[in-house]
1. Pairing the Cα long axis of helix 264-273 with the longest principal axis of the chain, what angle in degrees results, from 0 to 90 and rounded to the nearest 10?
2. By how many degrees, 0 to 90 and rounded to 10, does the Cα axis of helix 2-33 deviate from the longest principal axis of the chain?
3. Which log10 I(q)/I(0) values does the range 184-249 give at q = 0.20, 0.26 Å⁻¹ under the Debye formula, counting every alpha carbon as one identical point scatterer?
4. Please give the helix 85-105 orientation as an angle from the longest Cα principal axis of the chain, in degrees from 0 to 90, rounded to the nearest 10.
5. If I build a Gaussian network model for the chain, linking alpha-carbon pairs within less than 10 angstrom, which residue out of 188, 170, 116 has the largest mean-square fluctuation?
6. Quick check: with the 1.4 Å probe, what order do 249, 169, 64, 275 take by accessible area, largest first?
7. Counting each pair of different Cα atoms once, what's the Kirkwood radius of the range 64-114 in Å, rounded to one decimal?
8. For the range 156-220, restrict the atom set to alpha-carbon positions and state the Rg and Dmax in Å.
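The values are calculated or read from the model by the stated rules, or taken from the named source; none is laboratory data. All values derive from a computational prediction rather than experimental measurement. Counting neighbours? That spans all protein chains shown, and the Cβs are built from the backbone with ideal geometry, glycine included. What goes into the accessible areas is simple: the full protein's heavy atoms, side chains included, and nothing from ligands, DNA or RNA. Shrake-Rupley method; radii C 1.70, N 1.55, O 1.52, S 1.80 Å.
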Amino acid sequence: AKAEGRSTFRFFTAQMQQRSAARLKLEAELRRALDKRELQLYYQPQCNMQGQLVGVEALLRWMHPELGVVSPAEFIPLAEESGLIVPIGMWVLQEAIGQMREWRERGIRVPAVAVNLSALQFRQPQLVEQVAQLLHEAALPAGCLELELTESVVLEDPDDALGLMERLHNLGVGLAIDDFGTGYSSLNYLRRFPVDRLKIDRSFVQDLEQGRGIAIVRAIVSLARSLGFVTIAEGVETTAQLEQLRRLHCDQVQGFLFARPMAVIQLEAWLQRHHVV
Ligand code: C2E
Ligand code: CA
Ligand code: CA
Ligand code: CA
(Lines give C-alpha, C1' and ligand atoms only; values in the text may rest on other atoms or scores of the structure.)
(Ligands and ions follow the chains in the order given, each with its own letter.)
Protein backbone atom coordinates (compact mmCIF):
# COMPACT_ATOMS: atom_id res chain seq x y z
CA ALA A 1 0.00 0.00 0.00
CA LYS A 2 2.94 2.20 0.77
CA ALA A 3 4.49 1.66 -2.64
CA GLU A 4 1.14 2.28 -4.22
CA GLY A 5 0.80 5.51 -2.30
CA ARG A 6 4.19 6.61 -3.47
CA SER A 7 3.47 5.86 -7.10
CA THR A 8 0.15 7.67 -6.85
CA PHE A 9 2.05 10.60 -5.46
CA ARG A 10 4.53 10.41 -8.32
CA PHE A 11 1.69 10.21 -10.78
CA PHE A 12 0.05 13.33 -9.39
CA THR A 13 3.23 15.38 -9.31
CA ALA A 14 4.03 14.40 -12.88
CA GLN A 15 0.53 15.43 -13.91
CA MET A 16 0.78 18.67 -11.98
CA GLN A 17 4.13 19.46 -13.52
CA GLN A 18 2.69 18.85 -16.92
CA ARG A 19 -0.26 21.05 -16.17
CA SER A 20 1.88 23.84 -14.83
CA ALA A 21 4.17 23.59 -17.86
CA ALA A 22 1.13 23.98 -20.10
CA ARG A 23 -0.05 26.88 -17.95
CA LEU A 24 3.33 28.57 -18.12
CA LYS A 25 3.33 28.20 -21.87
CA LEU A 26 -0.14 29.70 -22.13
CA GLU A 27 0.84 32.48 -19.76
CA ALA A 28 3.91 33.32 -21.85
CA GLU A 29 1.72 33.34 -24.96
CA LEU A 30 -0.85 35.54 -23.26
CA ARG A 31 1.92 37.94 -22.32
CA ARG A 32 2.68 38.35 -26.03
CA ALA A 33 -0.94 38.20 -27.21
CA LEU A 34 -1.47 41.93 -26.69
CA ASP A 35 1.54 42.92 -28.82
CA LYS A 36 0.59 40.40 -31.47
CA ARG A 37 -2.93 41.80 -31.64
CA GLU A 38 -4.45 38.42 -30.84
CA LEU A 39 -6.92 39.89 -28.37
CA GLN A 40 -10.22 41.12 -29.70
CA LEU A 41 -13.40 42.50 -28.22
CA TYR A 42 -16.76 41.00 -29.02
CA TYR A 43 -19.91 42.92 -28.20
CA GLN A 44 -23.25 41.55 -27.02
CA PRO A 45 -26.40 43.69 -27.33
CA GLN A 46 -28.52 44.56 -24.28
CA CYS A 47 -32.17 45.43 -24.88
CA ASN A 48 -35.13 46.78 -22.96
CA MET A 49 -38.47 44.98 -22.90
CA GLN A 50 -39.59 46.90 -26.00
CA GLY A 51 -36.64 45.38 -27.88
CA GLN A 52 -34.71 48.65 -28.07
CA LEU A 53 -30.95 48.60 -27.73
CA VAL A 54 -29.79 50.05 -24.41
CA GLY A 55 -26.12 49.11 -24.67
CA VAL A 56 -23.54 46.43 -25.45
CA GLU A 57 -21.26 44.41 -23.19
CA ALA A 58 -17.63 44.12 -24.28
CA LEU A 59 -16.35 40.54 -23.96
CA LEU A 60 -12.76 39.53 -24.55
CA ARG A 61 -11.69 36.88 -27.03
CA TRP A 62 -8.22 35.50 -27.62
CA MET A 63 -7.59 34.50 -31.21
CA HIS A 64 -4.85 31.97 -30.58
CA PRO A 65 -2.85 31.00 -33.71
CA GLU A 66 -3.04 27.26 -32.92
CA LEU A 67 -5.85 26.83 -30.41
CA GLY A 68 -8.36 29.05 -32.21
CA VAL A 69 -10.70 31.18 -30.12
CA VAL A 70 -9.83 30.78 -26.43
CA SER A 71 -12.71 31.60 -24.07
CA PRO A 72 -12.15 34.22 -21.37
CA ALA A 73 -13.33 31.65 -18.81
CA GLU A 74 -10.02 29.92 -19.55
CA PHE A 75 -7.57 32.78 -19.80
CA ILE A 76 -9.02 35.46 -17.49
CA PRO A 77 -8.16 33.41 -14.35
CA LEU A 78 -4.63 32.99 -15.74
CA ALA A 79 -4.44 36.72 -16.47
CA GLU A 80 -5.60 37.49 -12.94
CA GLU A 81 -3.09 35.19 -11.25
CA SER A 82 -0.19 36.51 -13.31
CA GLY A 83 -1.18 40.17 -13.02
CA LEU A 84 -1.49 40.36 -16.80
CA ILE A 85 -5.10 41.40 -16.29
CA VAL A 86 -3.90 44.93 -15.52
CA PRO A 87 -2.41 45.72 -18.95
CA ILE A 88 -5.06 43.57 -20.67
CA GLY A 89 -7.85 45.32 -18.78
CA MET A 90 -6.41 48.70 -19.72
CA TRP A 91 -6.36 47.63 -23.35
CA VAL A 92 -10.02 46.55 -23.07
CA LEU A 93 -10.99 49.98 -21.71
CA GLN A 94 -9.05 51.78 -24.45
CA GLU A 95 -10.46 49.57 -27.17
CA ALA A 96 -14.09 49.79 -25.97
CA ILE A 97 -13.93 53.57 -25.55
CA GLY A 98 -12.20 53.95 -28.94
CA GLN A 99 -14.94 51.85 -30.53
CA MET A 100 -17.66 53.98 -28.95
CA ARG A 101 -15.97 57.08 -30.29
CA GLU A 102 -15.82 55.60 -33.79
CA TRP A 103 -19.50 54.59 -33.70
CA ARG A 104 -20.42 58.06 -32.52
CA GLU A 105 -18.46 59.69 -35.35
CA ARG A 106 -20.18 57.41 -37.87
CA GLY A 107 -23.61 58.14 -36.43
CA ILE A 108 -24.08 54.60 -35.09
CA ARG A 109 -26.12 55.04 -31.95
CA VAL A 110 -24.88 52.54 -29.40
CA PRO A 111 -26.04 54.15 -26.13
CA ALA A 112 -23.39 52.65 -23.84
CA VAL A 113 -20.67 50.05 -23.55
CA ALA A 114 -20.27 47.89 -20.44
CA VAL A 115 -16.76 46.73 -19.54
CA ASN A 116 -15.92 44.00 -17.01
CA LEU A 117 -13.42 44.94 -14.31
CA SER A 118 -11.47 42.39 -12.35
CA ALA A 119 -10.43 42.83 -8.73
CA LEU A 120 -6.80 43.59 -9.42
CA GLN A 121 -7.69 46.23 -11.98
CA PHE A 122 -10.18 47.82 -9.63
CA ARG A 123 -7.44 48.16 -7.02
CA GLN A 124 -5.02 50.02 -9.33
CA PRO A 125 -4.51 53.43 -7.74
CA GLN A 126 -4.60 55.23 -11.12
CA LEU A 127 -7.79 53.56 -12.38
CA VAL A 128 -10.14 56.51 -11.86
CA GLU A 129 -7.73 58.99 -13.48
CA GLN A 130 -7.11 56.61 -16.39
CA VAL A 131 -10.82 56.17 -17.03
CA ALA A 132 -11.38 59.94 -16.87
CA GLN A 133 -8.46 60.51 -19.23
CA LEU A 134 -9.65 57.96 -21.78
CA LEU A 135 -13.16 59.44 -21.84
CA HIS A 136 -11.76 62.95 -22.13
CA GLU A 137 -9.47 62.01 -25.03
CA ALA A 138 -12.37 60.38 -26.85
CA ALA A 139 -14.59 63.40 -26.10
CA LEU A 140 -17.29 61.02 -24.86
CA PRO A 141 -19.79 61.70 -22.08
CA ALA A 142 -19.00 59.46 -19.12
CA GLY A 143 -22.50 57.96 -19.29
CA CYS A 144 -21.36 56.07 -22.42
CA LEU A 145 -19.33 53.78 -20.16
CA GLU A 146 -20.53 51.34 -17.56
CA LEU A 147 -18.17 49.29 -15.41
CA GLU A 148 -19.28 45.83 -14.27
CA LEU A 149 -18.06 44.66 -10.89
CA THR A 150 -18.88 41.38 -9.22
CA GLU A 151 -20.03 41.22 -5.61
CA SER A 152 -16.78 39.54 -4.60
CA VAL A 153 -14.72 42.39 -6.09
CA VAL A 154 -16.79 44.94 -4.19
CA LEU A 155 -16.92 43.05 -0.90
CA GLU A 156 -13.25 42.07 -0.78
CA ASP A 157 -12.62 45.48 0.77
CA PRO A 158 -15.98 47.26 1.00
CA ASP A 159 -14.72 50.57 2.43
CA ASP A 160 -12.08 50.90 -0.25
CA ALA A 161 -14.57 49.85 -2.93
CA LEU A 162 -17.12 52.39 -1.73
CA GLY A 163 -14.63 55.24 -2.10
CA LEU A 164 -13.58 54.09 -5.58
CA MET A 165 -17.14 53.60 -6.73
CA GLU A 166 -18.08 57.06 -5.53
CA ARG A 167 -15.21 58.59 -7.48
CA LEU A 168 -16.18 56.69 -10.63
CA HIS A 169 -19.80 57.59 -10.12
CA ASN A 170 -18.89 61.26 -9.72
CA LEU A 171 -17.26 61.11 -13.13
CA GLY A 172 -20.64 60.03 -14.46
CA VAL A 173 -19.59 56.47 -15.28
CA GLY A 174 -22.31 53.83 -14.77
CA LEU A 175 -21.74 51.01 -12.30
CA ALA A 176 -23.27 47.55 -12.46
CA ILE A 177 -23.11 44.60 -10.09
CA ASP A 178 -22.41 41.54 -12.24
CA ASP A 179 -23.58 37.99 -11.49
CA PHE A 180 -25.83 39.40 -8.78
CA GLY A 181 -26.93 36.87 -6.17
CA THR A 182 -24.07 34.43 -6.67
CA GLY A 183 -21.52 36.03 -4.34
CA TYR A 184 -21.46 36.80 -0.66
CA SER A 185 -24.92 38.33 -0.96
CA SER A 186 -24.45 40.88 1.77
CA LEU A 187 -27.47 42.97 0.98
CA ASN A 188 -26.22 45.65 3.33
CA TYR A 189 -23.66 47.01 0.86
CA LEU A 190 -26.29 47.62 -1.76
CA ARG A 191 -27.93 50.58 -0.10
CA ARG A 192 -24.60 52.31 0.50
CA PHE A 193 -23.05 51.82 -2.93
CA PRO A 194 -23.66 54.07 -5.94
CA VAL A 195 -24.88 51.27 -8.19
CA ASP A 196 -26.99 51.86 -11.32
CA ARG A 197 -27.75 48.35 -12.52
CA LEU A 198 -28.02 44.85 -11.12
CA LYS A 199 -27.24 42.02 -13.50
CA ILE A 200 -29.32 38.99 -12.57
CA ASP A 201 -27.07 35.97 -12.98
CA ARG A 202 -27.75 33.47 -15.74
CA SER A 203 -28.21 30.64 -13.21
CA PHE A 204 -31.38 32.34 -11.89
CA VAL A 205 -32.66 32.95 -15.40
CA GLN A 206 -32.19 29.25 -16.18
CA ASP A 207 -34.18 28.38 -13.05
CA LEU A 208 -37.17 30.46 -14.20
CA GLU A 209 -38.84 27.27 -15.36
CA GLN A 210 -39.32 26.34 -11.69
CA GLY A 211 -41.30 28.01 -8.91
CA ARG A 212 -38.25 28.68 -6.77
CA GLY A 213 -36.42 30.34 -9.63
CA ILE A 214 -39.37 32.66 -10.15
CA ALA A 215 -39.44 33.54 -6.45
CA ILE A 216 -35.74 34.44 -6.46
CA VAL A 217 -35.93 36.65 -9.54
CA ARG A 218 -39.07 38.31 -8.18
CA ALA A 219 -37.22 39.07 -4.94
CA ILE A 220 -34.17 40.46 -6.77
CA VAL A 221 -36.30 42.70 -9.01
CA SER A 222 -38.32 44.02 -6.10
CA LEU A 223 -35.19 44.70 -4.06
CA ALA A 224 -33.58 46.48 -7.02
CA ARG A 225 -36.68 48.56 -7.65
CA SER A 226 -36.98 49.70 -4.08
CA LEU A 227 -33.32 50.76 -4.14
CA GLY A 228 -33.69 52.52 -7.50
CA PHE A 229 -31.54 50.16 -9.59
CA VAL A 230 -32.24 49.04 -13.12
CA THR A 231 -32.36 45.24 -13.52
CA ILE A 232 -30.91 43.35 -16.44
CA ALA A 233 -31.22 39.58 -16.79
CA GLU A 234 -28.29 37.82 -18.43
CA GLY A 235 -28.22 34.56 -20.31
CA VAL A 236 -31.79 34.81 -21.65
CA GLU A 237 -32.12 31.96 -24.13
CA THR A 238 -35.84 31.21 -24.52
CA THR A 239 -39.03 33.16 -25.13
CA ALA A 240 -40.51 31.45 -22.04
CA GLN A 241 -37.74 33.03 -19.93
CA LEU A 242 -38.33 36.39 -21.61
CA GLU A 243 -42.07 36.29 -20.92
CA GLN A 244 -41.50 35.32 -17.32
CA LEU A 245 -39.01 38.18 -16.91
CA ARG A 246 -41.54 40.56 -18.42
CA ARG A 247 -44.18 39.41 -15.93
CA LEU A 248 -41.70 39.95 -13.11
CA HIS A 249 -41.01 43.54 -14.33
CA CYS A 250 -37.35 43.00 -15.07
CA ASP A 251 -36.21 46.07 -17.05
CA GLN A 252 -33.67 44.73 -19.53
CA VAL A 253 -32.37 41.52 -21.08
CA GLN A 254 -29.21 40.13 -22.63
CA GLY A 255 -28.70 36.67 -24.06
CA PHE A 256 -28.49 34.33 -27.01
CA LEU A 257 -32.25 34.76 -27.63
CA PHE A 258 -31.44 38.25 -28.96
CA ALA A 259 -27.83 38.00 -30.02
CA ARG A 260 -24.57 36.29 -29.20
CA PRO A 261 -21.44 38.29 -28.51
CA MET A 262 -20.21 39.38 -31.95
CA ALA A 263 -17.16 40.89 -33.62
CA VAL A 264 -17.63 44.54 -34.63
CA ILE A 265 -18.52 43.79 -38.23
CA GLN A 266 -21.26 41.31 -37.26
CA LEU A 267 -22.56 43.64 -34.58
CA GLU A 268 -22.86 46.46 -37.11
CA ALA A 269 -24.86 44.18 -39.41
CA TRP A 270 -27.07 43.25 -36.44
CA LEU A 271 -27.59 46.92 -35.60
CA GLN A 272 -28.62 47.58 -39.19
CA ARG A 273 -31.09 44.69 -39.19
CA HIS A 274 -32.55 46.01 -35.94
CA HIS A 275 -32.82 49.55 -37.33
CA VAL A 276 -30.37 51.03 -34.84
CA VAL A 277 -28.47 52.59 -37.75
P1 C2E B 1 -19.77 37.58 -17.61
O2 C2E B 1 -19.29 38.97 -17.39
O3 C2E B 1 -20.80 37.06 -16.68
O4 C2E B 1 -20.27 37.56 -19.12
C5 C2E B 1 -21.40 36.87 -19.58
C6 C2E B 1 -21.01 35.56 -20.23
O7 C2E B 1 -22.19 34.86 -20.60
C8 C2E B 1 -20.21 35.74 -21.52
O9 C2E B 1 -19.31 34.66 -21.59
C10 C2E B 1 -21.29 35.60 -22.59
O11 C2E B 1 -20.78 35.19 -23.84
C12 C2E B 1 -22.16 34.56 -21.98
N13 C2E B 1 -23.54 34.61 -22.45
C14 C2E B 1 -24.24 35.68 -22.88
N15 C2E B 1 -25.50 35.34 -23.20
C16 C2E B 1 -25.62 34.01 -22.95
C17 C2E B 1 -26.70 33.07 -23.09
O18 C2E B 1 -27.81 33.38 -23.49
N19 C2E B 1 -26.42 31.78 -22.74
C20 C2E B 1 -25.19 31.40 -22.29
N21 C2E B 1 -25.01 30.12 -22.00
N22 C2E B 1 -24.16 32.26 -22.14
C23 C2E B 1 -24.37 33.56 -22.48
P24 C2E B 1 -17.82 34.87 -22.07
O25 C2E B 1 -17.75 35.89 -23.16
O26 C2E B 1 -17.23 33.52 -22.32
O27 C2E B 1 -17.12 35.50 -20.79
C28 C2E B 1 -16.96 34.76 -19.61
C29 C2E B 1 -16.51 35.63 -18.48
O30 C2E B 1 -15.18 36.11 -18.69
C31 C2E B 1 -17.35 36.88 -18.27
O32 C2E B 1 -18.53 36.55 -17.59
C33 C2E B 1 -16.40 37.73 -17.46
O34 C2E B 1 -16.42 37.37 -16.12
C35 C2E B 1 -15.06 37.35 -18.05
N36 C2E B 1 -14.63 38.39 -19.03
C37 C2E B 1 -14.94 38.51 -20.34
N38 C2E B 1 -14.37 39.61 -20.87
C39 C2E B 1 -13.70 40.21 -19.85
C40 C2E B 1 -12.89 41.41 -19.75
O41 C2E B 1 -12.71 42.19 -20.69
N42 C2E B 1 -12.34 41.68 -18.52
C43 C2E B 1 -12.55 40.87 -17.44
N44 C2E B 1 -11.97 41.21 -16.27
N45 C2E B 1 -13.30 39.77 -17.50
C46 C2E B 1 -13.87 39.44 -18.69
CA1 CA C 1 -20.19 40.90 -17.19
CA1 CA D 1 -22.40 38.15 -15.60
CA1 CA E 1 -20.33 35.23 -15.00
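1. 30
2. Rounded to the nearest ten degrees, it is 50.
3. -0.77, -1.18
4. 30
5. In this elastic network of the chain, the residue with the biggest mean-square fluctuation among 188, 170, 116 is 188.
6. If we order 249, 169, 64, 275 from most to least accessible, we get 275, 249, 169, 64.
7. On the way: mean 1/r = 0.0777 Å⁻¹.
Taking the inverse mean of 1/r over all distinct Cα pairs, the range 64-114 comes out at 12.9 Å.
8. Final numbers for Rg and Dmax: 13.7, 41 Å.
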